[in-house]
Amino acid sequence: MISDPNIPAAALDLFGDAVDFIFNEQQSQGEQVQVGGLEQVGELAWEQLKVTLYALALSLLIALPAGVALGHMRRGEGLAISIGNAGRAVPELALIALLAAFLDVGMFSLALALCVLGVPPILTNSFVGVRGVDRNAVDAARGMGMTETEIIRKIELPLAVPTIMGGVRTATINIVATATIAPLVGVLTLGDFIISRNVYGDAGVLAGAILVAVMALALELALAGLQRAMTSPGLRLTRT
Amino acid sequence: MPAELVRYENATKLYPGADQPAVEGLSLEVAAGEICVLVGPSGCGKTTAMRMVNRMVEPSAGDVFIGDESVRDRDRARLRREIGYVIQQVGLFPHRTIAENVATVPRLLGWDRERTGARVPELFDLVGLDPGLAGRYPVQLSGGQQQRVGVARALAADPLVMLMDEPFGAIDPINRERLQNEFLRLQAEIKKTVLFVTHDIDEAIKMGDRIAVMRTGGHLAQYATPAELLMAPADGFVEDFVGADRALKRLALMRVRDVDLWEAPLAFPGQSSAEVRQKLDGAEVPHPLLVDADRRPLGWLSERDLARDIVPARAGNSAEPVLDCDDVMRDALADLLRAGSQYAPVVEPPGRVTGVLSVEIISEFLASPDARTDEHSPAERPQ
Amino acid sequence: MTDVALLLAQVEIRDRSGPPSCQQANDFFCPGWVAENYDRYVDPVLQHLVLVGTSVAAGFAIAFALALLAHRIHWLAAPLLAVTGVLYTVPSIAFFFLLLPITGLGRTTAIIALTAFTLQILFRNIVTGLANVPPEVRDAGRGMGLTERQLLWRAELPLALPEIFAGLRIATVSTVALATLAVFVSGGGLGVPIYEQLTFKTNVIFAGGLCIAIAMAFDLALVTAQRAVTPWLRVTT
């Protein structure tokens with residue numbers, strides 16, 4: 001615990017230690033094990049990335065078709081919106097704990113639990129995004145003889161990309177955040193550095209925080225780039 | 001507040017990055033209490049010019065005066081509170097009631113609640129709004145009602161000058177005409193100095209005491225009364241803009257009494273047919289008009305009617321259409337054409353024939369370059 | 001051990017661990033246990049309310065100031081959005097521990113991190129709300145002689161209220177959920193009882209349920225407040 005009055009100096013010191021922790025293996029404080037170093041960091045980072053992508057994929061699988069379908073048919077607003085609202089209210093800590101309480105904890109069950117946080121934003125945003133597509137464009141497409149599926153594929157989805165991707169990014173942030181505390185139930189992700197202070201020490205804790213932050217930002221940037229790539233140039237021009 | 005004159009002195013507006021000025025060297029004077037219509041095609045700078053008066057657009061060069069004070073000498077917000085501003089989309093505050101919207105400028109000027117409370121119903125009355133609407137919100141009103149509120153709001157603090165930018169443009173044609181007429185009646189009462197922008201030449205002719213025709217690039221092509229504009233367009237552009245039917249447009253400005261009517265060969269019941277036939281010699285109208293003792297028209301006498309010795313009490317052909325000497329010429333022509341008649345009797349109160357109007361008279365009149373037209377101010381003009 | 005001794009020993013063990021059947025058996029949910037132990041949660045709930053209330057209030061104040069700035073100086077909007085976006089993306093728990101060396105353990109650290117998290121959604125919604133004011137309202141307002149400041153406070157902000165409230169609702173509900181993590185920096189809140197008995201189902205369900213209930217209560221309060229301040233949206237045309 002930091003109670004040093006000389007905070008700035010101590011803080012800088014600690015940041016230095018943390019960086020050191022990331023790159024170099026060192027002696028653990030409590031036990032006689034080696035901790036830190038790129039290998040361990042890589043392992044845990046990979047674990048976190050895996051579970052995040054897994055959960056994201058599952059969430060997309062569940063929420064995207066449902067949201068798009070409802071949005072296209074312009075029905076189920078109450079459902080889509082209230083699921084979105086409810087999802088925001090779920091406390092991650094309780095979710096993780098309940099996961100452990102009711103299921104065997106493993107990659108799959110964790111990903112499933114994380115879906116509780118990933119599904120609502122994707123569902124709401126796909127619904128709103130697809131429904132919000134200019135009706136005139138849809139009517140024109142229908143008039144030209146496009147089937148409903150074609151309309152969804154060629155008109156509504158491309159135009160809804162920014163909104164949907166917004167939902168995907170929110171889902172990812174939620175999932176990454178919760179995956180960080182997964183070590184509480186035995187799935188070792190980067191969050192382990194943060195949670196198991198007695199093993200990794202203060203430097204480890206800070207290192208973990210830095211690493212998690214970096215991963216979250218990296219994923220966000222990647223998704224932002226993906227969104228850019230997927231957004232038609234015509235749409236990009238009008239966005240403020 | 002009494003109305004003031006508005007004067008543009010070489011006003012110019014050049015937007016940065018544009019190669020042509022929006023308004024160039026505009027100089028004109030609007031007399032106090034007059035309606036000046038700024039009209040022209042899209043991009044001619046009419047709205048920009050209007051907005052120079054309340055400094056929504058700052059002139060790049062030249063100046064604009066209200067009375068003898070330049071608008072530049074005033075603080076912008078204060079200046080605008082003395083100028084009524086009416087725009088096409090109205091711009092009512094959706095979150096305020098109608099009464100609150102109307103009271104906006106009085107509130108800004110610091111009027112106390114009592115004064116404002118008395119003024120609002122007055123304004124409602126002035127613009128023809130049902131007082132029951134005071135507590136409603138703009139979304140609950142129709143387009144026409146909203147624009148009336150817009151006008152009421154602009155008049156609330158009794159401004160010196162009114163600026164109106166296509167105020168009736170978003171209204172359907174029927175209500176638009178109604179609003180135009182009502183505004184003209186209102187203007188006859190309150191006599192504000194008004195700058196009115198429109199792209200519709202017919203509206204300009206109807207509403208304006210003077211019309212400023214502008215061409216693209218912000219140049220003033222002609223500044224004249226409606227009659228002058230129709231009779232003597234300054235150049236090809238104005239002529240084209242006013243329209244090929246400007247002759248017909250002039251008819252909207254006149255009444256039947258304004259032209260020299262043909263004399264009607266009158267015939268009374270019981271008169272000798274021979275006498276009547278004599279009258280027909282050299283007359284412009286080929287048929288006699290049967291009238292009663294008070295010279296009221298009963299009908300046109302046909303050849304068969306005149307075959308007998310005595311003029312009968314009833315005529316073979318109806319006198320319709322019968323025109324009133326105060327009828328608008330345009331409507332009179334329409335009546336003639338609808339009935340398929342070449343000519344019609346014209347009566348004056350209490351119904352006495354004063355002459356005959358024929359289509360020929362009308363076309364001769366339109367063709368003649370120096371025909372006199374009575375220049376009524378728009379408020380007195382036929383509607 | 002004799003049978004009787006065994007039995008006695010078992011009874012002893014059961015007696016010693018409080019309402020034993022519930023915690024030991026760890027069934028799905030025991031209302032009885034809750035009824036007897038609900039006072040354990042009073043303090044955490046109060047702390048939770050303080051955490052959320054303070055964070056959202058502070059977040060709103062900051063976001064509001066930033067939004068007004070961006071309203072005046074347009075090009076600031078994008079960079080501000082990016083900065084608040086970073087604060088939003090970094091998982092709160094990581095944020096807590098990044099702050100730790102500087103602000104130490106305790107409620108302050110938690111509040112700073114939670115406030116930072118709310119900034120983006122609040123900022124973005126206020127800015128969007130202001131941007132969505134119909135241009136003719138602005139034009140008419142200026143033309144009538146409202147100063148920029150009068151226009152902002154009397155016309156633009158009131159008309160932006162629905163958007164602003166939407167942002168407040170989202171921010172508040174999210175913060176209620178996130179505040180459970182404050183336990184990791186000794187910040188109090190409902191995360192404390194959850195973390196203390198992480199495997200005890202009734203506890204987790206109850207505490208989690210309280211959390212959700214608080215979130216719904218805040219949401220309802222905000223919706224009601226919004227309805228109250230926007231009478232013009234309630235009228236039938």
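Here are a few things to note about the model shown:
- Residues of the range C:124-146 that turn out to be facing chain B (nearest Cβ under 10 Å) and within 18 Å of C:Ile73 (Cβ to Cβ), as a count: 2
- Those residues of the range B:215-228 which are out of contact with any Ser or Thr (no Cβ under 6 Å at 6 or more places or on another chain) and over 18 Å from B:Ser27 (Cα atoms), in sequence order: B:Pro226, B:Glu228
- Tally, over the range B:20-45, of residues that are of a type in the set (D, E, K, R) and under 10 Å from B:Gly217 (Cα atoms): 1
- Within the range C:159-218, tally of residues that are among the β-branched types (Val, Ile, Thr) and within 15 Å of the chain's Cα centre (by Cα): 9
- The range A:209-235 - residue that is assigned to a helix (DSSP H, G or I) and not hydrophobic (A, V, I, L, M, F, W, C) and, of those, nearest to C:Val86 (Cα to Cα): A:Glu220
- Condition check for B:Val151: touching a strand residue (DSSP E or B) at 6+ places or on another chain (Cβ under 7 Å), within 14 Å of another protein chain (Cβ to nearest Cβ) and part of a helix (DSSP H, G or I): yes
- Here A:Ile194 passes the criteria (1) in contact with a helix residue (DSSP H, G or I) (Cβ under 6 Å, 6 or more places away or on another chain); (2) touching a residue at least 24 places away in the same chain (Cβ under 8 Å); (3) assigned to a helix (DSSP H, G or I) except the one numbered (2).
- Screening B:Gln146, B:Gln187, B:Gln180 for residues that are within 14 Å of chain C (Cβ to nearest Cβ), in a helix (DSSP H, G or I) and not hydrophobic (A, V, I, L, M, F, W, C) leaves exactly one candidate, B:Gln146.
- Selected residue (criterion: modelled with the highest pLDDT) from residues of the range B:209-266 that are of a type in the set (Lys, Arg) and within 30 Å of B:Gln20 (Cβ to Cβ): B:Arg210
- The range C:37-73, subset within 14 Å of another protein chain (Cβ to nearest Cβ) and of a type in the set (A, V, I, L, M), residue surrounded by the most Cβ atoms within 10 Å (Cβ to Cβ): C:Val52
- C:Leu76 passes every criterion in (1) more than 10 Å from every other protein chain (Cβ to nearest Cβ); (2) more than 30 Å from B:Gln147 (Cα to Cα); (3) under 25 Å from the mean Cα position of the chain (by Cα) apart from (3).
- The one condition in (1) crowded, with 16+ Cβ neighbours inside 10 Å; (2) free of Cβ contacts under 8 Å to residues at least 60 places away in the same chain; (3) farther than 20 Å from A:Leu157 by Cβ that A:Tyr200 fails to fulfil: (2)
- Scope the range B:215-239; condition within 19 Å of the chain's Cα centre (by Cα), buried (at least 20 other Cβ atoms within 10 Å of the Cβ) and part of a strand (DSSP E or B); matching residues: B:Gln222, B:Tyr223
- Of the set (1) surrounded by fewer than 22 Cβ atoms within 10 Å (Cβ to Cβ); (2) away from chain B (no Cβ under 14 Å); (3) in contact (Cβ under 8 Å) with a residue 24 or more places away in the chain, all apply to C:Ala177 but (1).
- Output for the range A:180-190, where each listed residue is in a helix (DSSP H, G or I), at the interface with chain C (Cβ under 9 Å from one of its Cβ atoms) and either among the basic types (Lys, Arg) or closer than 27 Å to C:Gly85 by Cβ (or both): A:Thr180
- Residue under evaluation B:Ala232, criteria (1) touching a Pro at 6+ places or on another chain (Cβ under 9 Å); (2) in contact (Cβ under 8 Å) with a residue 12 or more places away in the chain, criterion not met: (2)
- Of the residues screened, C:Arg169 is not one that is within 14 Å of chain B (Cβ to nearest Cβ) and assigned to a helix (DSSP H, G or I).
- Matching option when the condition is more than 21 Å from the chain's Cα centre (by Cα), aromatic (Phe, Trp, Tyr) and within 24 Å of C:Val176 (Cβ to Cβ), among C:Phe29, C:Phe123, C:Phe117, C:Phe97: C:Phe29
- When A:Gly145 is tested against (1) assigned to a helix (DSSP H, G or I); (2) at pLDDT below 90, exactly one condition is not met: (1).
- Flag for C:Gly188 being outside any helix (DSSP H, G or I) and surrounded by fewer than 24 Cβ atoms within 10 Å (Cβ to Cβ): yes
- Enumerated helices (runs of 4 or more DSSP H) restricted to the range C:38-128, each holding at least 3 residues that are free of Cβ contacts under 8 Å to residues at least 12 places away in the same chain, of a type outside the set (Asp, Glu) and under 26 Å from A:Val168 (Cβ atoms): C:77-89
- Annotation note: of A:Gly167, A:Gly201, the sole residue that is part of a helix (DSSP H, G or I) and over 21 Å from C:Ala171 (Cα atoms) is A:Gly201.
- Checking each residue in the range A:191-203 for being of a type outside the set (A, V, I, L, M, F, W, C) and within 11 Å of chain C (Cβ to nearest Cβ) picks out A:Gly191, A:Arg197, A:Asp202.
- Any hit, the range C:202-214, residues being at pLDDT below 95, more than 16 Å from C:Tyr41 (Cβ to Cβ) and surrounded by fewer than 20 Cβ atoms within 10 Å (Cβ to Cβ): no
- When C:Glu163 is tested against (1) more than 14 Å from chain B (Cβ to nearest Cβ); (2) in contact with a helix residue (DSSP H, G or I) (Cβ under 7 Å, 6 or more places away or on another chain), just one condition goes unmet, and that condition is (1).
- Taking the criterion of being in a helix (DSSP H, G or I), touching a residue at least 40 places away in the same chain (Cβ under 8 Å) and farther than 11 Å from B:Gly91 by Cα, the only residue of the range B:129-142 that qualifies is B:Val139.
- Taken together, the criteria place B:Asp158 among residues that are in a loop (DSSP other than H, G, I, E, B), away from every other protein chain (no Cβ under 12 Å) and out of contact with any Lys or Arg (no Cβ under 8 Å at 6 or more places or on another chain).
- Counting only residues that are within 18 Å of C:Ala171 (Cα to Cα), of a type in the set (A, V, I, L, M, F, W, C), without any contact (Cβ under 8 Å) to a residue 60 or more places away in the chain and facing chain A (nearest Cβ under 10 Å), the range C:181-226 holds 4 of them.
The values are calculated or read from the model by the stated rules, or taken from the named source; none is laboratory data. Note that this is a predicted model, so its numbers are computed, not measured. For neighbour counting, all protein chains shown are included, and Cβ atoms are generated from backbone atoms with ideal geometry for every residue, glycine included.
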